[in-house]
Amino acid sequence: MELSLKNLGPLKQAEFELGELTIICGHNNTGKTYVTYAVFGFLSTWRRFLSIQIPNKNITELLIEGATELDIRTFANDARKILKDGCKSYTKMLPDIFASSQKHFIDSDFQMYINTSDIQSNSKFERTISAMESQLFFISKKQDKPEVTISLLVEKEKVRIPNEIINRVIGDALKDILFSHLFPKPFIASAERTGAAIFRKELNFARNRLLEQMGRDKDVDPIEYFDKAYSDYALPVNENVEFTRHLEEISKSESYILKEYPVLLEEFSDIIGGNYAVTKNDELYYIPRSNQRLKLTMDESSSAVRSLLDIGFYLRHVAQPGDILMIDEPELNLHPENQRRITRLFSRLANIGIKVFLTTHSDYIIKELNTLIMLNQDKPYLKKLSSDEGYKSEELISADKIRVYIAEKSLLKLDKDKRRKKYLTLVAADIDPELGIEARSFDTTIEEMNRIQEAIIWGGE
């Protein structure tokens, strides 16, 4: 999946590709979070912005004959245009995604590109559309067949649905057939996640107070209240808040990791040194392994426990194959050893079918990932070294699964006055199976520190 961004925050332009494990690093205020939020926003809302129009003759046939048939290949041929138009519409909504002023996105552009070969219109599909506890339509497509059949499930005389609604319902189904396998379901842990964990009760209290006010003000549109309540938060932060508020409900589900890879969750528990628990009264606790009878609130728990809260609940209760886990600065509040350990966990996730997208300032994360890449070779001495150092084969990762980009000023272009100027962009880092990732952003700083320390030690001689 390839993306292109222009005039987004400090970034002038950037082209990049999502891998199984994607990392963006660089200095502060170079656009890393802008990229993360923009990608998350699109993956969260693409169904809203992609539009597929159903021919009027098919809607008429459905309402008169009770069934109609569409050839999915007709729409597959237009997939690139559908996506391009959808990205254009999404770009116009970036101010809402970022909860920021329109003036900051006047010249912005967001584009996502797909190959025609990526469109897989051969999969089986079935969906029943209901309203008011009544089943209205059944939409189906057989495996390896191009025909999509839409059937009425109620008597024709009882259908009182506007044509534009029918068009949207069928269009949504076609969008899922054509695109849902291309766009992974995202989950994000923003840099503000620690605050959401601490103020979880206060957020619920504020929401209840808002509902009470809505009840008193009968003449006010309730949507107005919610728009006002959440308009100050970017979509990823909003998602973090909502996820944290609903932990009791979320904890009733089981992720495929819990069912198929419980050892991975044990390793996560080792990183935080315990487990999270939510009671029936929606009380959230952290229980240390060192004292199972002790229950600590988030206020009483370490900052590392709070910063990994959302990720822990996602892995145990939500994660499904094909998802993308997006984390803004996973190193927040983590000791270097735990930064190494969580890097191994991210590598395992990428190897079992969950994409991972990170922004980071951590040299420990990059160096540990380098180790996982370099150890992933069929050489006897490396296999022995891997075993001796406690690395597991499922943690090792192939270099071709990884994409690393550095946000930096390096792209030279001619401006209107024929002068060369540097722009902030994303530059792909070299990744070698034997040498790992070349991360200039960190190397320069480390080399400078080493130079100063050497001058301190040896300068007097």
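The values are calculated or read from the model by the stated rules, or taken from the named source; none is laboratory data. What you see is a predicted model; the values in this text were computed from it and never measured. Ideal geometry is used to build each Cβ from the backbone, glycine not excepted, and the neighbour counts take in all protein chains shown. Accessible surface areas use protein heavy atoms only, side chains included; no ligands, DNA or RNA. Shrake-Rupley method; radii C 1.70, N 1.55, O 1.52, S 1.80 Å.
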(request) Only residues that are open to solvent by 20 Å² or more (accessible area, probe 1.4 Å), of a type in the set (Val, Ile, Thr) and closer than 14 Å to ILE170 by Cα: list them for region 57-94, please. (result) THR60
(message) Looking only at region 300-339, filter to residues that are assigned to a helix (DSSP H, G or I) and among the hydroxyl-bearing types (Ser, Thr, Tyr); which one of those is most open to solvent (accessible area, probe 1.4 Å)?
(response) SER303
(message) Just to verify a result, which residue in region 289-299, among those that are at pLDDT below 90 and charged (D, E, K, R), is surrounded by the most Cβ atoms within 10 Å (Cβ to Cβ)?
(response) ASP299
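Can you pull out every residue in region 430-448 that is under 19 Å from LEU375 (Cα atoms) and touching a strand residue (DSSP E or B) at 6+ places or on another chain (Cβ under 8 Å)?
Passing the criteria: ASP430, ILE431, ILE437, GLU438, ALA439.
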(request) Name every residue in region 277-304 that is under 19 Å from GLU249 (Cβ atoms) and of a type in the set (Val, Ile, Thr), in order of residue number. (result) VAL278, THR279
(message) Which pairs turn up if I take residues in region 14-34 that are under 20 Å from PRO186 (Cα atoms) and of a type outside the set (A, V, I, L, M, F, W, C) and look for partners that are assigned to a loop (DSSP other than H, G, I, E, B) and modelled with pLDDT under 90 with beta carbon separation below 8 Å, at least 6 apart in sequence or on another chain?
(response) GLU17/MET1; THR33/ALA191
(request) Take region 14-35 and flag every residue that is at pLDDT 90 or above and either part of a strand (DSSP E or B) or in contact with a Cys (Cβ under 9 Å, 6 or more places away or on another chain) (or both). (result) ALA14, GLU15, PHE16, GLU17, LEU21, THR22, ILE23, ILE24, CYS25, LYS32
(request) Go through GLU266, GLU192 for me and flag whichever is of a type in the set (Asp, Glu), open to solvent by 60 Å² or more (accessible area, probe 1.4 Å), under 26 Å from the mean Cα position of the chain (by Cα) and modelled with pLDDT of 95 or more. (result) GLU266
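Quick one: which strands (runs of 3 or more DSSP E) lie wholly within region 46-159 and hold at least 1 residues that are among the aliphatic types (A, V, I, L, M) and in contact (Cβ under 8 Å) with a residue 60 or more places away in the chain? Break it down stepwise before answering.
Details: elements: 67-71, 109-113, 125-131, 134-141, 147-152.
Result: 67-71, 109-113, 147-152.
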(request) Working only within region 1-13, note down all residues that are assigned to a loop (DSSP other than H, G, I, E, B) and touching a Gly at 6+ places or on another chain (Cβ under 7 Å). (result) GLY9, PRO10
(message) For region 424-448, which positions are assigned to a strand (DSSP E or B) and either in contact with a Cys (Cβ under 6 Å, 6 or more places away or on another chain) or not aliphatic (A, V, I, L, M) (or both)?
(response) THR425, ASP432, GLY436
(request) May I ask you to list the residues in region 256-299 that are among the basic types (Lys, Arg) and assigned to a helix (DSSP H, G or I)? (result) LYS259
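Could you go through region 89-110 and let me know if any residue there is closer than 30 Å to ILE397 by Cβ and touching a Cys at 6+ places or on another chain (Cβ under 6 Å).
There is at least one residue in region 89-110 that is closer than 30 Å to ILE397 by Cβ and touching a Cys at 6+ places or on another chain (Cβ under 6 Å).
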(request) Please enumerate the residues belonging to region 342-374 that are within 25 Å of GLU447 (Cα to Cα), part of a loop (DSSP other than H, G, I, E, B) and open to solvent by less than 40 Å² (accessible area, probe 1.4 Å). (result) SER362
(request) May I ask you to list the residues in region 97-141 that are at pLDDT below 85, open to solvent by less than 30 Å² (accessible area, probe 1.4 Å) and hydroxyl-bearing (Ser, Thr, Tyr)? (result) SER121
(request) Give just the number: which of (1) modelled with pLDDT under 95; (2) of a type in the set (A, V, I, L, M); (3) under 27 Å from GLU239 (Cβ atoms) does LEU94 not satisfy? (result) (1)
